[in-house]
Amino acid sequence: MWRAAGARWQRNISVLIWSPVLLLGPLLTLGSGWRAVFQLALVVVIGGSALVIGLTASPDGRDPRPYVALTILVAAAFAGATHADEQWLPVWVLVGNAVPVVLRGRRLSMAAAVVVGGSAWAAWYVVPHQASRVWTEAFVVLLAILANTAFTRLLETVAELRRTRAELARVAVAEERERFSRDLHDLLGHTLSVMVVKAQAVRRLAATDPEAAAAHAADIEHVGRTALLDVRQTVDAMRAPSLAEELAGARDALEAAGIRAVVDADATDVPEDVGAVLAWALREAVTNVLRHSGASSCTITVAGRADRTELVVVDDGVGGPARPAEGAPARAGGLDGLRDRVSAAGGWVDAASTGEGFRLVAGVPARVGVRP
């Protein structure tokens, strides 16, 4: 609201500032007698009309007061022109300044046409002996209209750019919040799933194999501390995960859940930025295997191509990630979040049931951000 009011004052400022300056000439050249009184009255009427226009004119054009004030202003200017000489020229400059403040678009074009047509009519039929003066005044009005219109358009463009910049900033903040939400989901979703699986292993082995249960309990402590560190690092700098670390962690998590893990991957030749994207994909894929598949085995493959690197995760379970109920709001994480993340790097994700399990393939181009 305050910005809209400020823009309106910027548009009207030319009328408010220039009206006393432009009316100073007619006031200083007042004659004597009734003619001076008449001219002074016209100057007062013109100044009051300009003040009303400057205070009430707005882009929506709903307030009738500026139109009434402009009509009075033009009528007073014509009335004074019949009794004044060159000293009345600043009044026409004021008229030219006021017209584009009140009138917009087609109305402004019509006003300019009226100025030209009225001047031609006056020069040829009303005061042919003062044709040069009439044309001079018409030129002054048109020039003032053009100048103030350009000034008004410039202010409107600046205001629009400010609104656009504010909107872009708002969108950037929203995108950053969604990215942070997605990263936090991917980070904690996987870690908490591992902790749950290991806690189940502790409960299952506590009575029969206390040493194995203690080892799993130690793993839970280690994973919890790692998760705490990751959260801190994520909040500080949104640390990109390492593909080598994720491969090792995926093997441990799957084996702890009783799922045979077959890893055919070497992360040493994978570029760091490509590996970071594939690490997120691997984390999401393994999380889904642990949560939803009920699989007995899982194969992880990383293969380098000429123009891309592919991650393939295949399990022999019963299905993929759980889908949200119909009408439920979409979450920032999960496969949808993974697709957004990989797509932003120029890659793609293909996840589907194979009939004998679930298969997820993520491809990232050799140069992140450039689609193959």
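Please treat every number below as a calculation from the coordinates, not as lab data. Quick caveat: nothing in here was measured; it's all calculated off a predicted structure. Note: ideal-geometry Cβ built from the backbone for every residue, glycine included; neighbour counts use all protein chains shown.
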Order by protection proxy (mean Cβ within 10 Å, highest first), peptides 279-286, 58-65: 279-286, 58-65
Proximal charge balance of Thr354 [Cβ under 14 Å; K/R count +1, D/E count -1]: -3
Virtual spin-label span in nm between Ala199 and Arg163, 7 Å along Cα→Cβ: 5.2 nm
For Val196, net neighbour charge (Lys/Arg +1, Asp/Glu -1) across residues whose Cβ lies under 14 Å away: +3
Charge tally in the Cβ shell below 14 Å around His222, where Lys, Arg are +1 and Asp, Glu are -1, His222 excluded: -3
Cα-Cα P(r), region 177-365, percent of pairs per 10 Å interval: 9, 36, 38, 15, 2, 0
Residue-span extension gain [Trp135 to Arg291] - 0.36 nm each, minus C-alpha spacing: 47.6 nm
